[in-house]
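Worksheet: the structure to be examined is printed underneath.
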Amino acid sequence: MRRTGLISCFRALARDTRGLAAVEFAFLAPILIVFYFGMVEFCQGYMALKRTGHVAAMTADLVSQSDSVTKTEVQDLLAFGDLIMKPFAASGLTQRVSSVTRVNATTYRVDWSVGKGIAAKLTVAEAKLPSDMLADGESVIVAEANYDYRSPFDRVAPYVTQFKRMAYLRPRTADVIACKSC
């Protein structure tokens, strides 16, 4: 008799649907919350990546419009990168602008480099110029932007991702842009 009472109790419990939505929510809520924060993280990272590319492109564009520049003028142009990166912290941004000239089919020369947070002069290997990009005697402005992206959820999932973007533009008004005091 007790066994049938226990079975009927389980049957009544199995047919009872009250609270079913709360149980389903308890299973799905953690998954949806993780998905939401993952999408927020992806969008923030993508926005930082795009802004890093904008910094490189804008710097190359501004330098390529001149006949000649000074080191101070280039450093002033590099300061705009901090503004472009907002709302992200500018402390993770490093930049460098260089002029590279093709001497002949196998030889390239770095005319000058000015950096912010990057001490060394650009090397030809770092420029990664395609072999068919320039003819002999032509030059190109190479602008680099590197950004150390830190997650807004750094306390939960700490990691740092480095974004690196390069922009190449030919000088618009001169064959080679000279840089005084570089």
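Bear in mind these aren't lab numbers, they're just calculated from the coordinates by the rules spelled out. All figures in this text were calculated on a predicted structure; none of them were measured in a lab. Ideal geometry is used to build each Cβ from the backbone, glycine not excepted, and the neighbour counts take in all protein chains shown.
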Exercise. Would you kindly state how much longer the chain becomes between ARG15 and PHE153 on full extension, computed as 0.36 nm times their sequence separation minus their alpha carbon distance, in nm to one decimal?
Key: 45.4 nm
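Taking the Cα centre of the chain as origin, work out the dipole magnitude from +1 charges on Lys and Arg Cβ and -1 charges on Asp and Glu Cβ, in debye rounded to 20.
Around 1120 debye, computed over the chain.
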Quiz item: Over the chain, what is the relative contact order in whole percent, taking alpha-carbon pairs under 8 Å and six or more residues apart?
Solution: 27
Quiz item: Ranked highest first by average number of other Cβ atoms within 10 Å, how do 4-12, 66-74, 51-59, 88-96 line up?
Solution: 51-59, 88-96, 66-74, 4-12
Quiz prompt | Solitary cysteines of the chain, where the nearest other Cys Cβ is not under 4.7 Å | solution = CYS9, CYS43
Quiz item: Roughly speaking, what is the stretch gain from THR72 to ASN104, that is 0.36 nm per residue apart minus the C-alpha to C-alpha distance, in nm to one decimal?
Solution: 8.4 nm
Quiz item: On a 0 to 90 degree scale, rounded to 10, what angle separates helix 2-15 from the longest Cα axis of the chain?
Solution: 40
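Considering every pair of different Cα atoms, what Kirkwood radius, in Å, is found for the stretch 21-180?
Value: 17.6 Å, from the Cα pair sum.
Using the alpha carbon gyration tensor of the stretch 97-182, what are the three equivalent-ellipsoid semi-axes (square root of 5 times each eigenvalue), largest first, in whole Å?
In descending order, the three semi-axes are 32, 14, 11 Å.
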Exercise. Between LYS50 and THR173, with labels modelled 7 Å along Cα→Cβ, what's the label distance in nm to one decimal, could you check?
Key: 3.2
Quiz item: Given R₀ = 35 Å, FRET efficiency for CYS182-VAL40 by Cβ-Cβ distance, to 0.05?
Solution: 0.25
